[in-house]
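J.: Got a structure for you, written out below as structure tokens; questions coming shortly.
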Amino acid sequence: MSPLHVLLALMVAAIFGFGFVPSKIGVESYSPLWFLATRFVLVSIILLPFIRISKHQWPAVLVFSLIMGVGHFSLSYLGMKAGADASIAAILWVMQAPISTALALFMLGEKINKIGLFGITIAFLGAVLLLGETRHFGNYLGIGLVGCSAILGALANVIGKRLGSVEPLALQGWSSVVAIPVLFSLSIIFEENQITSMINASWQAHGSLLYLVFLSSIVGYGTYWWLLKRYTVLTTTSIFLMVPIFGAIGGIAVLGDDFTWQTGLGTLGMLIGVGLLMFPSHLRDKLNFSVNKKR
């Protein structure tokens with residue numbers, strides 16, 4: 001990545017990382033599915049006047065929307081509602097990187113070397129250590145939902161890469177539109193007192209909704225999909241390496257989440273593992289460029 005794009009990646013990581021705090025605040029005040037649907041309504045209102053998608057792109061956008069907008073986000077919100085704290089959710093989110101890489105190997109034909117495979121193993125062991133803390137016993141529903149959310153997010157990364165011809169904000173806006181009726185329907189079936197909860201929510205919850213609409217959805221994901229159009233899945237998903245750092249800082253500072261030695265060691269293992277997965281590919285690409293330039 002160029003220096004400017006690295007700065008953009010850092011900005012996206014910070015937005016995504018700190019975004020787990022308003023997400024946690026929001027799902028504790030609103031009904032989770034209703035909260036997510038409301039977020040997408042506001043995103044659609046802001047973006048739709050300015051974006052268009054051609055007819056032949058709709059089938060792929062529809063699949064992307066159901067996986068990302070309905071599957072990924074709803075499972076993440078339900079997981080936090082079920083008890084997964086913001087810092088743990090952010091740490092688990094980094095697993096999108098190795099999962100995205102594995103999917104890219106089969107679906108996009110991207111390459112990985114032995115160091116990368118070793119990195120996946122280290123990252124997996126770090127996750128096992130992290131989730132083996134006694135404080136997580138009995139809360140595997142919340143953690144499992146967030147973990148499944150990461151899997152669907154990884155699949156959405158690969159599909160989003162294939163949708164390179166769709167403008168980033170168009171992808172974000174129309175995927176929100178597709179998800180809205182599904183999420184509202186699920187909320188009506190499985191949740192209750194949605195409107196009352198929204199009206200009685202604190203100003204922090206309303207502010208959290210605005211953060212997720214403007215910063216996470218529009219600025220964060222708009223920039224992320226823009227970078228994904230220009231770089232490989234392996235390179236772009238390296239952004240997720242930095243997300244747990246900002247998420248853990250936000251969760252500990254604002255919500256008082258615990259951060260034990262086991263959490264720290266497990267997180268370090270995940271970051272080292274995913275780092276081994278990502279960075280050799282970057283260095284190899286630079287080396288190949290230097291050799292070709294000399295020729």
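J.: Quick one: would you say Ile67 is of a type in the set (Val, Ile, Thr), within 15 Å of Trp174 (Cβ to Cβ) and free of Cβ contacts under 8 Å to residues at least 24 places away in the same chain?
T.: no
J.: Restricting to region 201-229, what's the tally of residues that are in contact (Cβ under 8 Å) with a residue 24 or more places away in the chain and closer than 10 Å to Ser29 by Cα?
T.: Here the count works out to 4.
J.: Oh, and also: Taking Gly247, is it touching a helix residue (DSSP H, G or I) at 6+ places or on another chain (Cβ under 9 Å), at pLDDT below 75, buried (at least 20 other Cβ atoms within 10 Å of the Cβ) and of a type outside the set (Ser, Thr, Tyr)?
T.: Yes: the conditions hold for Gly247.
J.: Let me ask something else. Of the residues Ile159, Ile151, Ile143, which is among the aliphatic types (A, V, I, L, M), surrounded by fewer than 20 Cβ atoms within 10 Å (Cβ to Cβ) and either over 19 Å from Pro59 (Cα atoms) or modelled with pLDDT under 80 (or both)?
T.: Only one candidate passes the filter, namely Ile151.
J.: Could you tell me which residue of region 29-60 is farthest from the chain's Cα centre (by Cα), considering only residues that are of a type in the set (D, E, K, R) and at pLDDT below 85?
T.: Lys55
J.: Identify the residue in region 192-204 that is surrounded by 13 or more Cβ atoms within 10 Å (Cβ to Cβ) and in a helix (DSSP H, G or I) and, among all such residues, is nearest to the chain's Cα centre (by Cα).
T.: Selected residue: Gln204.
J.: Of the residues Gly207, Gly220, Gly173, only one is at pLDDT 85 or above, closer than 14 Å to Leu42 by Cβ and either over 19 Å from the mean Cα position of the chain (by Cα) or surrounded by 19 or more Cβ atoms within 10 Å (Cβ to Cβ) (or both); which?
T.: The match here is Gly207.
The values are calculated or read from the model by the stated rules, or taken from the named source; none is laboratory data. Not measured: the values here are computed from a predicted model. All Cβ positions, even for glycine, are placed from backbone atoms using ideal geometry, and neighbour counts span all protein chains on display.
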